[in-house]
Every structure is written in structure tokens, then in C-alpha cells.
DNA sequence: ATATAGAACGAACGATCGTGCTATTTATGC
DNA sequence: GCATAAATAGCACGATCGTTCGTTCTATAT
């Protein structure tokens with residue numbers, strides 16, 4: 001036989017665990033994630049799950065990384081297939097909007113940001129790195145739109161990135177507490193105003 | 001003697017506990033708040049602390065309420081001494097800005113919003129009520145500014161409230177992760193643009 | 001001063017936490 | 001098919017969790 005039966009058996013199980021862990025962390029946050037809970041959710045023993053990560057903190061870091069990967073795959077990568085400049089930037093925002101719709105009941109990345117902003121340690125560092133990296137991607141897309149003349153040439157790139165991010169925070173916040181539909185409308189209206197005010 | 005020595009001895013102790021609990025919850029969130037930790041922080045026994053609240057959930061609700069009271073006292077009440085309309089609205093934003101500076105290492109109300117947005121129960125309901133109440137106050141102040149002609153007569157009150165709130169979320173977020181100073185600048189710049197675009 | 005009520009303590013409970021360690025099962029390489 | 005290695009289970013540990021209960025201390029009222 002030997003299609004090298006399971007070269008990634010370990011990795012596959014780990015992915016399954018992370019899949020469940022991600023779902024649990026969406027509800028309870030990374031701090032609310034416990035190995036016992038996760039194990040019974042996956043259908044494994046506590047020690048079986050534990051062996052894949054070595055510590056709870058490493059598990060949390062892995063879940064954070066899972067969130068990062070999924071966000072990039074859902075929001076950034078599809079947008080990179082759009083032409084540089086405003087089309088790509090608007091695609092990022094549109095994909096992000098859909099991400100928020102799919103994650104209105106809890107986003108690991110955002111809850112991690114508020115869980116670890118006031119502490120220190122590996123998770124704090126991981127969250128800051130993730131957020132800084134995403135902000136950087138956002139700024140790159142904005143800068144290209146400025147260079148191509150799709151946005152006003154005096155656009156403050158970091159400022160616009162901040163405002164875009166703030167609106168998405170507002171969307172997540174209101175969607176989680178008051179429902180997605182109204183929050184989505186407000187966010188759309190705000191973005192239209194935002195694009196207009198940076199129009200060349 | 002009898003100056004009715006301590007009519008509020010119980011209430012005073014409760015306030016002391018809540019003061020410590022509020023500080024701990026700023027760091028660890030309401031979900032990270034534990035009675036044992038709190039007791040040793042206050043310098044009391046676990047059961048002594050527990051007796052003041054009856055359950056952990058009631059303690060968490062009391063801390064949430066403490067946060068609400070402090071926010072109102074710090075942000076809303078001083079602004080109510082300003083004349084109605086734009087002055088009052090700007091005072092609210094300015095006080096809120098200072099609140100964010102003082103709470104850059106963690107705000108109970110905001111972390112509670114992200115901890116309980118995807119669950120149900122008394123804490124979820126409390127958070128939603130608190131947030132809805134604050135949004136309502138914000139809208140009241142905006143509506144007055146519109147009525148007095150300080151803002152464009154076609155201003156969408158709920159929309160402006162959403163955008164103000166989103167900017168403050170951005171401030172909290174960036175201040176916690178990247179430092180207050182830059183986040184503060186961005187927020188100020190965004191507000192100036194915001195006021196201008198709703199100017200009559 | 002003494003009786004009474006209130007507040008805080010101390011110990012214990014069952015449960016769960018993260019983390020080791022040792023079997024046992026399962027999959028791989030010859 | 002068998003030896004070997006990897007993956008998972010089982011069990012136990014110390015710690016901490018929220019909660020209960022009975023006791024002790026403190027402050028009030030007579």
C-alpha cells in the first residue's frame with residue numbers, strides 16, 4: 001500500500017484540535033479556553049490534547065496563530081487578487097466586513113487584543129505583533145492607492161488606517177451587542193463618507 | 001459616645017472590596033476576576049468577601065455597575081454642566097478622551113462588552129443595557145446640538161453616535177497596544193474631520 | 001456590664017485547573 | 001508479520017475555583 005499512509009497524522013490531529021479550540025475561544029476568549037473543556041469537545045483525553053502543545057500558553061499561541069491565518073486567508077489574500085490601489089483597498093474592507101458578519105458572535109483576534117493589552121508575556125507580544133502586522137498591510141494598501149492617485153496625495157496613510165480600523169471595531173462591537181444589520185448599515189455609511197473625504 | 005459609630009460599616013467595606021475588584025477586573029476582565037485573588041488583595045478572607053455578594057456573578061454585576069457609575073461620573077456628569085449642544089457634546093468627547101487615557105491599560109466596560117457579547121445571562125444583559133444606555137445619552141447630546149443648529153440639520157443622530165463611539169474604540173484599542181500618545185493624535189485628527197463634516 | 005446582632009474568619013466540600021508520568025494503543029518501517 | 005516509534009489514554013499531583021457552614025470576633029443597644 002504505502003501511500004505513506006499518514007505522513008501528517010500528527011499534524012492532522014493538531015489541526016482538528018485547533019479547529020475546536022478556535023471555536024471555543026471565539027466564545028470564551030483565549031483566557032477562557034481550558035484544556036479539559038477542549039479535550040471533551042474534541043473527544044480526546046486531556047493529556048492527549050496537552051501532548052500536542054506542551055503547555056496551555058503554547059496552545060493559546062497556536063489558537064492565536066490560527067486566527068491570524070484565517071483572517072489573512074479570508075480578508076487579505078482574496079483582496080491581493082484585485083488590482084492595486086483603491087480596488088484592492090475596498091476589497092480588503094469588503095472582505096473584512098464579511099469576516100465581521102461571520103464572527104459577530106466573537107472574534108478571537110479582537111478579544112485577544114482586549115485580553116492581553118494590559119499584561120505582558122508571550123501572548124501580549126503575539127497579539128501586538130499580529131495587530132501591528134495587519135495595520136502594516138492596511139497601510140501598504142492605502143499607500144498604493146495614494147501613489148496611484150486613487151486617494152488624495154496628501155493622505156495621511158497611518159491616519160486613514162486608524163480610521164478604517166476604528167470603524168471595523170465599531171462594527172464588531174455593535175454587531176455583537178445590538179445585531180449585525182444595523183451596525184452594518186452604519187459602517188457602510190461611515191465608509192462612504194470616509195472614501196469621499198479622501199477622494200482626490 | 002454614640003455618633004452612631006458606623007451606620008454604613010457594611011457598605012463601606014463593600015465599597016472597599018469593589019474598589020479592589022474594579023482594579024483587578026481592569027487587568028483580568030470580569031471573567032478573570034476570582035474571589036480568592038480579590039480577598040487576598042483586599043486583605044480579607046474569601047468567605048468574608050463572598051458574604052458581601054452572595055455569588056460570583058453578583059460580584060461581577062456589582063463591578064460592572066461600579067464601572068458604569070465611574071464612567072458616568074467622569075465623562076457624562078461634568079459635561080452636563082456645559083451648555084447644551086456642541087459645547088456639551090465636545091465636553092463629553094474630551095472627558096471620554098481623558099477616561100481613555102486613564103484606562104489605557106484596560107477598561108472594565110469595554111472588556112466586558114467583548115467578554116459577554118456572544119453569551120447570554122445576567123452579565124450579557126447588564127452589558128447590553130449599559131452600552132445601550134450610554135449610546136442613548138450620546139444621541140441625546142447630539143440631538144440637542146442638531147436642534148440648536150450646532151450641527152447640520154440633516155445629521156443622522158444614531159450614525160454620528162456610532163462614528164464617535166467607533167473612534168473611541170479605536171483610541172482604546174491602539175492606546176492599549178501601541179501607546180496612548182500616537183493613538184491620541186490620530187483620534188484628535190479624526191474628530192476634527194468628523195466635526196467639520198457635520199458642521200452646518 | 002451584658003445580651004444581641006452583624007461581620008469576618010477558618011476549614012472543608014466537590015469540581016476543575018494545568019501539568020507530569022506511565023501504560024497502552026495505534027501506526028510506521030523493514 | 002514484527003519490531004519500533006509515535007500517539008493517545010489513564011491516573012495522580014498540587015493548586016485554585018465557587019460555595020457552604022459553623023465559629024469567633026466586634027460593635028451596637030439595653
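The values are calculated or read from the model by the stated rules, or taken from the named source; none is laboratory data. What you see is a predicted model, and the numbers here were worked out from it, not measured in a lab. Here Cβ is always computed from backbone atoms with ideal geometry, including for glycine, and neighbour counts include all displayed protein chains.
Residues to consider are B:170, B:133, B:176; find the one that is under 30 Å from residue B:29 (Cβ atoms) and more than 11 Å from chain A (Cβ to nearest Cβ).
B:133
Annotation note: of B:112, B:79, the sole residue that is surrounded by 13 or more Cβ atoms within 10 Å (Cβ to Cβ), more than 16 Å from DNA strand C (Cβ to nearest atom), touching a residue at least 40 places away in the same chain (Cβ under 8 Å) and within 14 Å of chain A (Cβ to nearest Cβ) is B:112. If the condition is being under 21 Å from residue B:57 (Cα atoms) and crowded, with 16+ Cβ neighbours inside 10 Å, then region B:125-142 contributes B:126, B:127, B:128, B:130, B:131. Number of residues in region A:179-192 that are surrounded by fewer than 17 Cβ atoms within 10 Å (Cβ to Cβ) and at the interface with another protein chain (Cβ under 10 Å from one of its Cβ atoms) equals 3. One residue stands out among those in region B:152-167 that are surrounded by fewer than 23 Cβ atoms within 10 Å (Cβ to Cβ) and facing chain A (nearest Cβ under 8 Å): the one that is nearest to residue B:109 (Cα to Cα), which is B:165. Is region B:95-107 home to any residue that is part of a helix (DSSP H, G or I) and over 25 Å from residue A:115 (Cβ atoms)? The answer is yes, given that some residue of region B:95-107 is part of a helix (DSSP H, G or I) and over 25 Å from residue A:115 (Cβ atoms). When the residues of region B:1-51 are filtered to those that are at pLDDT 95 or above, surrounded by fewer than 18 Cβ atoms within 10 Å (Cβ to Cβ) and not in a helix (DSSP H, G or I), the one that is nearest to DNA strand C (Cβ to nearest atom) is B:45. Condition (residue is in a loop (DSSP other than H, G, I, E, B), touching a helix residue (DSSP H, G or I) at 6+ places or on another chain (Cβ under 7 Å) and either surrounded by fewer than 22 Cβ atoms within 10 Å (Cβ to Cβ) or at pLDDT 95 or above (or both)) applied to region A:144-151: is it met by at least one residue? Yes; the residues of region A:144-151 include at least one that is in a loop (DSSP other than H, G, I, E, B), touching a helix residue (DSSP H, G or I) at 6+ places or on another chain (Cβ under 7 Å) and either surrounded by fewer than 22 Cβ atoms within 10 Å (Cβ to Cβ) or at pLDDT 95 or above (or both). Scoring residue B:118 on the criteria (1) within 14 Å of chain A (Cβ to nearest Cβ); (2) away from DNA strand C (no atom under 12 Å from the Cβ); (3) modelled with pLDDT of 95 or more leaves a single failure, condition (3).
Looking at (1) farther than 30 Å from residue A:150 by Cα; (2) crowded, with 20+ Cβ neighbours inside 10 Å; (3) modelled with pLDDT of 95 or more, which one does residue A:96 not meet, given that it meets all the others? Among (1) farther than 30 Å from residue A:150 by Cα; (2) crowded, with 20+ Cβ neighbours inside 10 Å; (3) modelled with pLDDT of 95 or more, the lone unmet condition for residue A:96 is (1). Taken together, the residues in region B:35-52 that are touching a residue at least 12 places away in the same chain (Cβ under 8 Å) and near DNA strand D (Cβ under 10 Å from one of its atoms) amount to 5.
Against the condition closer than 25 Å to residue B:162 by Cβ, in contact (Cβ under 8 Å) with a residue 60 or more places away in the chain, within 16 Å of the chain's Cα centre (by Cα) and at the interface with chain B (Cβ under 9 Å from one of its Cβ atoms), how does residue A:106 come out, does it pass? Yes.
Among the residues of region B:82-93, the ones that are surrounded by fewer than 17 Cβ atoms within 10 Å (Cβ to Cβ) and part of a helix (DSSP H, G or I) come to 1 in all.
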